[in-house]
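What follows is one structure encoded as structure tokens, with my remarks underneath.
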Amino acid sequence: MKHNRHIIVIDDDREIWQAYKAVLAPDPESPDSTIRQIRELMGDRTSDLSIDEERFELAFAAQGQEGFGLVKEAMESDRPFAVAFIDVRMPPGWDGMETAVRIRRVDPNVEIVIVTAYSDRSRSEIARALGDPAKFLFVRKPFDVEELKQLAVSLTEKWNITRREEEQRNVLRHSEARFRALVETTSDWVWEADQQGNLTYCSPVSERLFGFSSEELLGKNMFRALGTEGEDTDEYQQVFENNVRTASCFYTIEHRCRHRDGRLVVIESSGAPVLGEDGRVDGFRGIDRDITRRIEVEEERRQLEVQYRQSQKLEALGTLAGGIAHDLNNMLTPILGYCELARLRIGADHPLQESLEAIDKSARRAAALIRQILAFSRKQVIESSSLNLNTLITDFAKMLQRLIREDVEMQFDLADDLWNIEADISQMEQVLLNLVVNAQDAFVEGGMVIVRTENKEVSYLFDIENRVFNGFYVVLSVIDNGAGIDKETLNMIFDPFFTTKEVGKGTGMGLATVHGIVRQHGGHVRVETAPGQGTGFYIYLPKVEQHGEHRDEIEQREEVAGGQETILLVEDDPSVLQMTEILLSEMGYTVLSAADGNEGLALFKERGADIDLLLTDLVMPGMGGRTLSAAIKEMRPEFPVIFMTGYDFNQEFDGQAVRQGMIVLQKPFCPKDLAGLLRKAFEKNISKKFFAPSG
């Protein structure tokens, strides 16, 4: 700001104007000029003295109205007067008092000097009229020249100093306003504290962040007011105290605070020391950021990564399980087949019947375990139909009650008008059996297991894999009042081969099998449990429209007599091929055998007119059963085919096998199953077309 030396003189005596000019705006070359006199005395050493050091810019008015107009114009042009010398009496217009009062209204900062030769106005009277006594002076005529000059210098300097201070205060106010706006609108919490951590300032963000207003927190120790009384709060306080001692900054210290409502807030704090004039630390100024959501997102991402790695492991294990199951099924097929043949041949009273029955039971238990492995890996063939869970549970209840201990009570709570589901009956029985046995194992001494069914419309739920699902579901619940499951164990109960039982008392496949079967049926699994409060497993299976039940067709496999037809048998495993050939021959069929697809196709081209059905393994070296069937059906489109497999036949045909009416014989199989499927296939192809082999 330019130094203001602008003075107005309001006096009706024009001669006195010259006196003001001579004193406050002298001619530098005048003999009476102070500067001229000093230069003559001091020589060239005064060459740096400026005329402006004793000259003022003067304006004159003879009447109060005129002076008021000049002051107003000066204000409007942003060139205000620093000092106004006003005579008290200026007839016939406004007197000096009225003029001063009016000027003060348009320019409250101007320094006013009341000049009078009379004593008819006291100083107190003038003060009452003009207000602030610090803003005016009272001078009587005649005045001393040097006093007038000194008065002008002092008052203009006072005006300039006051304006500079005011500008600085405005700058400071604007700076503080910007700082406050920044601090109070940022999502981070800004705070200041003394050496002990007692808050001396905190931004209003504290209310959103912690539930406490800034007024509530001021003066309180931030570690006690917001801390969790935990290890991380102690560590944060130790960092604060160490940095107070070393006068150093700290950055992004992560710790937890307690919100007013009790929940935990994860905070990232940074701070810098506030130094006093002696260089010592008076306190700290810092900023806290809420990173709770970031931590949650990181944890969610970590969980997803864990789930992804787990799914990769399960996928690999599933592939391995499928391969092992195929080989074991091929081994079990001749065992079961020959065992059945031996029992039929030796008669019911033979002493070896008991031994053969033990072999048969062991082989069937092994086959059941393989089915569990396939179900877990979702590679078991599903023979699905529309069924009602209530019917299945009612029929299966007696068997369940025989399997569980006598000290375990079972209750059934089955909903009326339960919706149908599309499912494989044997696999649903497996799910129910595994869940009930698992519930039984939750009891040390007795307890209760409730099996419940209900219809449920789901709008938004998460399953055990954190998958969201909704829609219409039939819910199968198996609930116990046992020991419950802790969180750590809960995360592993569906892992294959994980068990809490003693060695030799559990395979660890029960719940893994349940999970695999439910997923294979497009369903979801949920678990509700807590230590000491029991456990509930909830199986959600999609509703289907009522199409009636085909339970009899699936469950009742009546023994069917053999036939006189000719069957082309293709199987790459010699033991399975030999056993199946014997079984078919025992049933009265004529059998043409081939060890692979190429040999089977050649045999069909040679004797196709005599062959009534193809019984082939699905997966074989070279030409597999799928390719062989397609090649034969090009020649005879209606030709009946039965596929044998230890793999997932539906997977090979993109899940369309059963829906396309294909007939599948799952290994290992017994003679009754084989005989039944043969008659079923022949009944679908009663009319036999004549075939002329090519070439």
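The values are calculated or read from the model by the stated rules, or taken from the named source; none is laboratory data. The structure displayed is predicted, hence computed values, not measured ones. All Cβ positions, glycine included, derive from the backbone under ideal geometry; neighbour counts span all protein chains shown. Keep in mind that these areas ignore ligands, DNA and RNA; they rest on the heavy atoms of the full protein, side chains included. Shrake-Rupley method; radii C 1.70, N 1.55, O 1.52, S 1.80 Å.
Summary of values
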read-out: Whichever residue in the stretch 108-134 is at pLDDT 85 or above and crowded, with 17+ Cβ neighbours inside 10 Å and, among such residues, is farthest from the chain's Cα centre (by Cα); value: V115
read-out: Selection from the stretch 9-26 of residues that are touching a Ser or Thr at 6+ places or on another chain (Cβ under 9 Å) and open to solvent by 60 Å² or more (accessible area, probe 1.4 Å); value: A22
read-out: Filtered residue count, the stretch 294-353, keeping only those that are over 14 Å from K667 (Cβ atoms), not in a loop (DSSP other than H, G, I, E, B) and not basic (K, R); value: 31
read-out: Search result, residues across the stretch 509-519 that are open to solvent by 10 Å² or more (accessible area, probe 1.4 Å) and either modelled with pLDDT under 85 or of a type in the set (A, V, I, L, M) (or both); value: G510, L511
read-out: Checking E268 against (1) part of a helix (DSSP H, G or I); (2) open to solvent by less than 40 Å² (accessible area, probe 1.4 Å), the condition it does not meet; value: (1)
read-out: Qualifying residue in the stretch 604-611 (condition: open to solvent by less than 30 Å² (accessible area, probe 1.4 Å) and at pLDDT 90 or above); value: yes
read-out: Odd one out for P351 among (1) open to solvent by 60 Å² or more (accessible area, probe 1.4 Å); (2) in contact (Cβ under 8 Å) with a residue 60 or more places away in the chain; value: (2)
read-out: Residue match in the stretch 402-424 (condition: part of a helix (DSSP H, G or I), modelled with pLDDT of 80 or more and not β-branched (V, I, T)); value: no
read-out: Within the stretch 271-288, tally of residues that are open to solvent by 60 Å² or more (accessible area, probe 1.4 Å) and either of a type in the set (S, T, N, Q) or part of a strand (DSSP E or B) (or both); value: 4
read-out: Members of the stretch 233-247 found to be surrounded by 16 or more Cβ atoms within 10 Å (Cβ to Cβ) and touching a His at 6+ places or on another chain (Cβ under 8 Å), listed by number; value: T233, Y236
read-out: Pairs where the first residue, in the stretch 563-574, is more than 16 Å from L665 (Cα to Cα) and the second is of a type in the set (S, T, N, Q) and at pLDDT 90 or above, C-beta under 7 Å, 6+ apart; value: T566/T590
read-out: Hits in the stretch 310-348 - residues which are open to solvent by less than 60 Å² (accessible area, probe 1.4 Å), among the β-branched types (V, I, T) and under 58 Å from the mean Cα position of the chain (by Cα); value: T333
read-out: Pairs where the first residue, in the stretch 633-657, is under 26 Å from D573 (Cα atoms) and the second is at pLDDT 90 or above and surrounded by fewer than 17 Cβ atoms within 10 Å (Cβ to Cβ), C-beta under 9 Å, 6+ apart; value: F639/K633; V641/K633
read-out: Residue under evaluation Y538, criteria (1) open to solvent by less than 60 Å² (accessible area, probe 1.4 Å); (2) modelled with pLDDT under 90, criterion not met; value: (2)
read-out: Residue count, the stretch 152-189 (criterion: more than 30 Å from V265 (Cβ to Cβ) and either open to solvent by 40 Å² or more (accessible area, probe 1.4 Å) or among the polar types (S, T, N, Q) (or both)); value: 20
read-out: Of residues in the stretch 666-684 being closer than 19 Å to N329 by Cα and open to solvent by less than 10 Å² (accessible area, probe 1.4 Å), the one farthest from the chain's Cα centre (by Cα); value: A675
read-out: Filtered residue count, the stretch 258-281, keeping only those that are more than 19 Å from D234 (Cα to Cα) and basic (K, R); value: 2
read-out: Qualifying positions in the stretch 209-262 - within 23 Å of V183 (Cβ to Cβ), in contact (Cβ under 8 Å) with a residue 24 or more places away in the chain and hydroxyl-bearing (S, T, Y); value: Y236
read-out: Within the stretch 583-605, tally of residues that are more than 19 Å from P334 (Cα to Cα), in a helix (DSSP H, G or I) and without any contact (Cβ under 8 Å) to a residue 40 or more places away in the chain; value: 8
read-out: Qualifying positions in the stretch 194-213 - part of a strand (DSSP E or B) and open to solvent by 50 Å² or more (accessible area, probe 1.4 Å); value: T200, Y201
read-out: Every pair of residues 6+ apart whose Cβ atoms lie under 6 Å, when the first sits in the stretch 463-474 and is free of Cβ contacts under 8 Å to residues at least 40 places away in the same chain while the second is small (G, A, S); value: N470/S459
read-out: Tally, over the stretch 432-456, of residues that are in contact (Cβ under 8 Å) with a residue 60 or more places away in the chain, under 19 Å from D407 (Cβ atoms) and assigned to a strand (DSSP E or B); value: 0
read-out: Any hit, the stretch 612-630, residues being aliphatic (A, V, I, L, M), over 56 Å from the mean Cα position of the chain (by Cα) and in a helix (DSSP H, G or I); value: no
